[in-house]
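The values are calculated or read from the model by the stated rules, or taken from the named source; none is laboratory data. The shown structure was predicted, so the numbers you read here are calculated from the model rather than taken from an experiment. Cβ: placed from backbone, ideal geometry, glycine included. Neighbour counts: every protein chain shown. Each accessible area value is taken on the protein alone, full model and side chains, heavy atoms only, with ligands, DNA and RNA left out. Shrake-Rupley method; radii C 1.70, N 1.55, O 1.52, S 1.80 Å.
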Amino acid sequence: MTSFGGVVLALVVLLLRPPSLNAVDQQEYPSYRTESLDYSVSHRQSVCERQAALHNRSVLLRDALRGFSIRPWLPLGSFSVLNENGSIDASNPGLPVLILDEVSRRGNFSWRSSFGASNADGRNFTQLLEWTVSTYDLSAAQWTKTIERINAGASFTQGWYDASIIMVGLDERRSKLNVWSFLEPFDWQVWVLILVTFTVSGLIYLWMEWYNDESDRQDLGRKPTETVYFALLTATGDVKFQPSTNYARLFTISLCFWSLLFVSAYTANLASFLVVKNTPKINVESVGDAVALRLPLCVLESSAQESIVKSKHPDAVFVYTDPALGDRGPLLGVLSGDCALALTT
């Protein structure tokens, strides 16, 4: 006997197009509300004759389910595409509903008058998937394909979104504008010593003018603020001194060389400061890096993400989030500080 999944697998591969409401039934409430993981009831149907006709080429693929009423399962709870009362939302039915509508339109079968629904929150997702495909014709939800689930007997259709595992963390590099950040490459004590050095250098040049008024071609003997100002300008590479004696020239060269060392050190520290400031506190390139650093990872318990990571990294530190929050749980866990990274798709 061939399972129903083989036919649906071929049908869902069809490209999506806007759904036609004229081709679907108008009943919007689930016909079956069997409790999740209750194996005492089954709503599966046999499509062996239709499958055989398809393999014998006595019927075309587009007509294999013509006139048939399939029984899919839709989740309730945080992963639900249904309203709180269990009905299909006409204004925003959700992607699984749109896919079922389009496939049923192309295959000339129905599903809205025969679908089932039950709560998916707080369940082991792999066990829930096993139960849905054992109880209904198909499970219409955003399931992630894993080896464990395939080995359990689940048959997946062609994927329609990338379910690769990603890690999400906080971007802590953003900071408010600080107008004094240009001072951060040096400690305040260093800045005080630098200002004292320039001030004393300007006063020494003034003293040389007092000692010999021909030390500079300019008249600086009575201008202390002028000599201090000229000393500060050497840090920019602009030399306003015009020494005319050898000792004044030697002093000016020494001051310029010291300014060169100061500017070089400031530039190097500034570049290093900017690199360190913009480096994330958590620098990981893979799940293995996060596990090696013993970083707590927020994840939904029994999800595909947990199963895959745990199989490769048994010593990973997991923080399980509230199932009622659904896919938002791990992300909210990162924002609240419960974990460093969130595992999601």
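Worth a mention:
- For first residues located in segment 80-105 and in contact (Cβ under 8 Å) with a residue 60 or more places away in the chain, partners that are acidic (Asp, Glu) and lie 6+ apart or on another chain with Cβ distances below 6 Å form the pairs Ile88/Glu28.
- Residue satisfying all of: in segment 16-52; out of contact with any Asp or Glu (no Cβ under 9 Å at 6 or more places or on another chain) and in a helix (DSSP H, G or I); modelled with the lowest pLDDT among these: Asn22
- Just one of the listed residues (Ser58, Ser31) is open to solvent by 30 Å² or more (accessible area, probe 1.4 Å) and over 40 Å from the mean Cα position of the chain (by Cα), namely Ser58.
- Yes/no for Phe241 being part of a loop (DSSP other than H, G, I, E, B) and open to solvent by less than 30 Å² (accessible area, probe 1.4 Å): yes
- Where strands (runs of 3 or more DSSP E) fall entirely within segment 282-345, none has at least 3 residues that are among the small types (Gly, Ala, Ser).
- Within the option set Val192, Val228, being touching a Gly at 6+ places or on another chain (Cβ under 9 Å) and either under 24 Å from Ser264 (Cα atoms) or at pLDDT below 85 (or both) holds for one residue only, Val228.
- Hits in segment 124-172 (condition: surrounded by fewer than 20 Cβ atoms within 10 Å (Cβ to Cβ) and of a type in the set (Lys, Arg)): Lys145
- Residue check for Leu100: modelled with pLDDT of 90 or more and either part of a helix (DSSP H, G or I) or basic (Lys, Arg) (or both): yes
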